[in-house]
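To keep things clear, I will list the structure first and then write my remarks on it.
Only the coordinates and a few stated rules stand behind these numbers; no lab work does. Please read these numbers as outputs of a predicted model, since none were measured by experiment. Positions of Cβ are backbone-derived with ideal geometry, glycine not excepted, and every protein chain shown enters the neighbour counts.
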Amino acid sequence: LTYRTIGGIFDIFVFAGTTPEQVIRQYQSVIGKPYFPPYWGFGFQLCRYGYNSLDNMKAAMYRTLNASIPIDVHYGDIDYFHNRLDFTWNPVDFQGIPEYIDWLHSNDMKFITMIDPAIDSEAPNYPAFVEGQKADVWIKWPERRNLQFNETGNRNILGYVWPDGKTAFPDYFYPSTNEWWRTQVLEYRKKIKFDGIWIDMNEPANFDTNRIKPWNWNRTEVWNLKCPVEDEILDNPPYKTAICGDYISDKTLCMISEQRDGRGKTYNHYDIHNLYGWSETVATLPVARALENRRSIVISRSTFPSSGAISGHWLGDNTADWKHLKYNIIGMLEFNLFGIPYNGADICGFFADTTEEMCQRWMQLGAFNPFFRNHNGYKFGYEGNAFRDQDPGVFSAPAVASNRRAVELRYTLIPHLYTLFHRVHVSGGTVVRSMAHEFPTIPDCWSLDEQFLWDSSLLIAPVIYENHRTKYVYLPPSERWYDFYTGEEMKTLGNITVPAPLDFLPLYLRGGAIIPQQQSAMNTVQSRKNPLFLTVALDNNQYAQGNLFWDDGESIDTYEHSVYNDFAFSYKSRRLSIEPWTYKYPQMGNDVKLEDIKIYGMDRAPSRILWNRQELSATNQWAFDSAKNVLTMTKLALDVTKSHTFVFL
């Protein structure tokens with residue numbers, strides 16, 4: 001094992017867990033366990049760079065709602081800003097956006113705003129810059145060498161990003177910066193009632209550092225940041241790195257620039273560049289939570305070890321290309337290993353025009369991204385030349401119906417997903433796993449990268465190739481597997497090929513699991529009031545277990561403050577037990593009932609079923625499908641505040 005570095009100090013940790021999952025938990029004991037998003041953060045989210053107007057933004061939302069596709073969150077990208085300035089909105093094209101956000105809230109939906117770190121230094125009377133100057137929050141040129149002093153008269157290092165003017169970059173290591181940032185965000189929140197924050201361009205990104213002609217030269221003066229690459233070792237180190245460009249500072253800031261910790265210590269950007277996005281996230285999450293004193297969403301493009309303890313991540317600007325569906329799976333699995341399980345791709349692709357078939361398949365895959373957001377952008381990255389609309393309601397009727405089914409499936413599974421996230425928040429681990437991660441001793445699993453698992457039991461096998469109507473799936477023969485939808489046991493294991501029509505996503509449930517689900521609704525506020533149901537998949541020993549974590553979905557530290565419910569489900573010896581191990585959120589009993597239970601793989605049909613010693617009616621409360629060995633119990637309306645036992649005689 002060889003490490004090649006261009007500086008720094010090594011701290012080496014060895015994690016010697018006996019399983020891949022144990023190794024990840026040990027790793028997270030060092031970097032921090034994943035943060036716990038609010039319940040609404042697991043709903044469907046819609047965004048694009050290129051609405052260009054509030055009318056177009058509304059049209060995408062109305063298409064989604066009119067198609068009866070559930071949705072929880074709408075986003076504003078930088079095209080809703082005034083001249084692409086943070087903390088503003090376009091008073092002409094987006095006039096009325098505060099009222100639109102109020103409308104979203106009145107209909108149980110949320111709004112998330114983009115905020116970039118780079119701040120325009122030339123916009124007249126721009127509060128974010130004026131107040132930043134007063135607090136002296138910017139990254140600096142070193143005193144010994146300032147290539148921009150003749151332009152600026154100060155040490156602020158300036159670049160070009162999205163605004164028209166030259167931009168300054170906040171130094172989030174400097175304590176005053178965090179207070180300045182908090183003030184800007186909260187003042188903006190008084191005008192735009194956003195619910196979460198999406199931080200982009202925070203590597204930090206800068207357009208075409210060191211280039212003679214920047215890519216955006218046709219709309220700005222020909223100017224860009226140039227670093228001293230000829231004679232400064234930090235900006236041209238002796239060892240070439242795997243960078244995008246000729247120099248280590250290309251697309252970012254000069255490595256000799258300086259950041260301060262407020263205690264007299266100064267760092268070259270060279271030494272802490274990789275921490276920039278992390279440091280911005282550290283400053284942002286407390287502000288996001290302060291919006292309503294509740295859990296919130298922070299999505300960051302740039303991450304570092306421990307970022308998953310304070311934020312989620314989207315997988316960057318992908319392309320509407322079939323190979324990027326596979327990249328979605330790989331990226332999602334990798335970031336679970338990195339300790340950032342709340343992640344996902346731009347569903348249907350950011351660059352290029354998607355196709356109807358591709359978007360259908362990607363919506364199916366996207367329904368199993370923890371962060372489930374459809375997002376796309378502009379051709380060449382600039383206004384006036386947008387890619388086609390790809391919101392899920394914009395396509396033909398069959399495609400819209402397929403997209404609806406994918407999103408509704410996601411909503412039925414949110415109680416399970418929320419429970420998995422709570423578990424990793426408390427105990428560490430992964431939410432989404434590769435087959436190799438779960439079955440490390442089976443060589444056939446080692447190279448599988450076109451199917452994956454939620455936790456250890458729900459196997460997702462998305463179609464990721466154009467015109468394919470079948471799917472190659474591997475089901476480990478050591479386990480018992482069921483068709484998720486029908487409960488029919490899979491008799492052929494190992495390598496199989498299964499039907500996968502365009503509107504169908506193959507899913508399989510591993511024996512030994514109990515999955516809590518809930519009837520879908522148009523958003524999570526509504527779905528949380530719907531009846532729960534359980535799917536019980538028995539293993540070879542006629543055993544299964546599962547859990548459900550439930551709180552109000554948004555309060556901070558409900559587990560730490562013991563304001564939650566934790567249910568344990570188990571099936572053993574023809575007895576199903578439902579136990580509220582911890583019951584400290586009584587409001588749930590007023591809102592939710594447990595309505596239906598399905599049991600897959602029973603060894604024989606029951607002649608009678610006793611529920612808490614009372615016999616269930618075989619006429620209208622239960623039925624057994626002898627062809628599939630599936631028992632269905634309905635119309636139970638169980639009080640979730642109490643223990644329940646079913647005995648199958």
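Contact order, relative form, for the chain: 12 percent (alpha carbon pairs under 8 Å, 6 or more residues apart, mean separation divided by residue count). When you count the other C-beta atoms within 10 angstrom of each residue and take the mean per peptide, 356-367, 584-595 line up highest first as 356-367, 584-595. Placing unit charges on each Cβ (+1 for Lys and Arg, -1 for Asp and Glu) gives the chain a dipole about its Cα centre, and among Ala283, Trp162, Cys445 the Cα reaching farthest toward its positive end belongs to Cys445. Arranged from fewest to most other beta-carbon atoms within 10 Å of their beta carbon, His313, His468, His74 become His468, His74, His313.
Arranged from fewest to most other beta-carbon atoms within 10 Å of their beta carbon, His269, His644, His437 become His644, His437, His269. Normalising the average separation of contacting C-alpha pairs (under 8 angstrom, six or more residues apart) by the number of residues puts the relative contact order of segment 431-508 at 27 percent. Using Cβ point charges alone (K and R +1, D and E -1), the dipole size of the chain about the Cα centre works out to roughly 1520 debye. Cα axis of helix 54-66 to longest principal axis of the chain: angle in degrees, 0 to 90, nearest 10? So the inclination is approximately 10 degrees.
In whole Å, how far is the Cα centre of segment 273-318 from that of segment 151-212? One Cα centre to the other: 15 Å.
Judged by the mean number of other Cβ atoms found within 10 Å, the most tightly packed of the peptides 136-145, 551-560 leads the ranking 136-145, 551-560. Within segment 1-95, the trypsin sites (Lys or Arg not before Pro) that combine a DSSP coil assignment with at most 11 other C-beta atoms in a 10 angstrom radius are Arg4.
Sorting Ser249, Ser176, Ser520, Ser617 by the number of Cβ atoms found within 10 Å of their own Cβ, with the fewest placed first, yields Ser617, Ser176, Ser520, Ser249.
Going by Cα centres, segment 455-519 and segment 553-572 are how many Å apart? Result: 29 Å between the Cα centres.
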